[in-house]
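Following: one structure in structure tokens, then a few remarks.
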Amino acid sequence: MRWSSLGGEGADDGPGALFGTDVVTRTLDTPEFRGVTFHEVRAKSIVNRVPGASRMPFEWTVNPYRGCTHACVYCFARKTHSYLDLDTGLGFDSQIVVKVNAPEALRRELAAPRWRGEHIAMGTNVDCYQRAEGRYRLMPGIITALRDRANPFSILTKGTLILRDLELLREAAAVTDVGVSVSVGFLDRELWHTVEPGTPSPGRRLDAVRTLTGHGIACGVLMAPVIPFLGDSPEQLRATVRAVAASGATSVTPLALHLRPGAREWFTAWLARHHPHLVRRYETMYAGGSYAPKWYQRRIIRQVHEYAAEFGIGPAGPGEHRRVSGTRGSEAPEAEAAPPQAPPQAPPQATQLTLL
Ligand code: SF4
């Protein structure tokens, strides 16, 4: 397979700039990966500059995969699959691009004289601890490269597979600034089954938070997405915050669902199948664009902060949102940052994240 004419990952990548031209395609028949196709590529570079970085809490990202078997219906990164002429629906969930040389490419780029040791965010486009990582094991080499250069980094994930690399994370945290954030938007198991079908359950994710913090790795929870009308009742929000606090998370940062082009169509089709009575309400809610109205976002943030105070857990502190939490979708050209929001009664740092 040749991929020479396909588009790159970031704004600076022209067609064909991201990968070499040779792609090895593998379709596995193991139960874990049935129906999944891997496209193994050699990335020309692995450290990406975030377009419009001034609006982001970080400037550099590393993403060893494209596409995500976690298959969240609302995933904003779906659109990025279209740059590879891949389907943004089921194709995003099952056609996974693997940058098999990511560790060696990173090691090379970190050693380059022009690299200044800046913070690198991971899990910003798709999940670096998705199931494919169990097979390809790219993250140990990536973390080792960062550890060896004492280069600060953060990871945002829904994947409990991160626990495999606990010791490496501890070693890195001993020499540099390491932040980990796990995304848990709700606890509802039926909602989880249908809207995040490839992910570990919210309970397992919170168990991972507990293990990470128990081993000295500070771990925040990005409470995202809060899904309107399905996961946003006061009882649901309170139960989620209570569970997050009980997990030992260092912070909880709420974020309402947003629906960018690519994700919006896929999510709307899902909504029509599972909750047809809500389609009209969503059309109204998101009539103004990709983001829920400000009043709604403020309401969610206010409520979560009230519950957080009740259960003794705070929002991400200054700088922590960069260190502990991340922003998905920042490196794709179309994935503009969320407009900064400044809801009253909410520390501003709680609103500077964009999404998972
Ligand atoms: S939201 Fe995150 S975990 Fe879910 S499919 Fe997208 S990248 Fe994967």
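Table for the structure above
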read-out: Candidate set: the range 22-37, residues that are in a loop (DSSP other than H, G, I, E, B) and more than 16 Å from the ligand (Cβ to nearest atom); chosen: the one least open to solvent (accessible area, probe 1.4 Å); value: VAL23
read-out: All positions within the range 92-110 that are open to solvent by less than 10 Å² (accessible area, probe 1.4 Å) and within 14 Å of the ligand (Cβ to nearest atom); value: PHE92, ILE96, VAL97
read-out: THR253 vs. criteria among the hydroxyl-bearing types (Ser, Thr, Tyr) and within 16 Å of the ligand (Cβ to nearest atom); value: yes
read-out: Members of the range 236-268 that are touching a Leu at 6+ places or on another chain (Cβ under 6 Å) and hydroxyl-bearing (Ser, Thr, Tyr); value: THR240, SER247, THR253
read-out: Those strands (runs of 3 or more DSSP E) lying entirely in the range 130-244 with at least 1 residues of a type in the set (Ser, Thr, Tyr); value: 153-157, 178-183
read-out: Selection count where residues are open to solvent by 50 Å² or more (accessible area, probe 1.4 Å) and within 16 Å of the ligand (Cβ to nearest atom), scope the range 111-122; value: 0
read-out: Positions within the range 123-167 being at pLDDT 95 or above, within 16 Å of the ligand (Cβ to nearest atom), among the polar types (S, T, N, Q) and open to solvent by less than 10 Å² (accessible area, probe 1.4 Å), in sequence order; value: GLN130, SER154, THR157
read-out: Check on THR69, under 17 Å from PHE153 (Cβ atoms), within 15 Å of the ligand (Cβ to nearest atom), in contact (Cβ under 8 Å) with a residue 24 or more places away in the chain and under 19 Å from the mean Cα position of the chain (by Cα); value: no
read-out: Pair list, Cβ under 6 Å, 6 or more apart: the range 74-102 residue on the phi < 0 side of the Ramachandran plot, other residue near the ligand (Cβ under 10 Å from one of its atoms) and open to solvent by 10 Å² or more (accessible area, probe 1.4 Å); value: ASP93/ALA71
read-out: Residues located in the range 72-91, provided they are under 20 Å from the mean Cα position of the chain (by Cα), over 19 Å from PHE33 (Cα atoms) and surrounded by fewer than 20 Cβ atoms within 10 Å (Cβ to Cβ); value: SER82, TYR83
read-out: Enumeration of residues in the range 175-219 that are among the aromatic types (Phe, Trp, Tyr) and in contact (Cβ under 8 Å) with a residue 24 or more places away in the chain; value: PHE186
read-out: The range 72-91 - residue that is part of a loop (DSSP other than H, G, I, E, B) and more than 8 Å from the ligand (Cβ to nearest atom) and, of those, farthest from GLU40 (Cα to Cα); value: VAL73
read-out: Subset of the range 270-312 that is among the hydrophobic types (A, V, I, L, M, F, W, C), surrounded by fewer than 19 Cβ atoms within 10 Å (Cβ to Cβ) and touching a residue at least 40 places away in the same chain (Cβ under 8 Å) - its residue that is nearest to GLY89 (Cα to Cα); value: TRP270
read-out: Boolean, GLU167 is of a type outside the set (A, V, I, L, M, F, W, C) and under 25 Å from VAL98 (Cβ atoms); value: yes
read-out: Residues satisfying the stated conditions in the range 38-66, i.e. more than 16 Å from the ligand (Cβ to nearest atom) and not in a loop (DSSP other than H, G, I, E, B); value: HIS39, GLU40, VAL41, ALA43, VAL47, ARG49, ALA53, SER54, ARG55, TRP60
read-out: Unique residue being among the small types (Gly, Ala, Ser), at pLDDT below 80, surrounded by 15 or more Cβ atoms within 10 Å (Cβ to Cβ) and under 20 Å from the mean Cα position of the chain (by Cα) when the list is GLY16, GLY10; value: GLY10
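The values are calculated or read from the model by the stated rules, or taken from the named source; none is laboratory data. Given the structure is predicted, the values throughout are model-derived calculations rather than measurements. Glycine also receives a Cβ, built like all others from the backbone with ideal geometry; neighbour counts cover every protein chain displayed. What goes into the accessible areas is simple: the full protein's heavy atoms, side chains included, and nothing from ligands, DNA or RNA. Shrake-Rupley method; radii C 1.70, N 1.55, O 1.52, S 1.80 Å.
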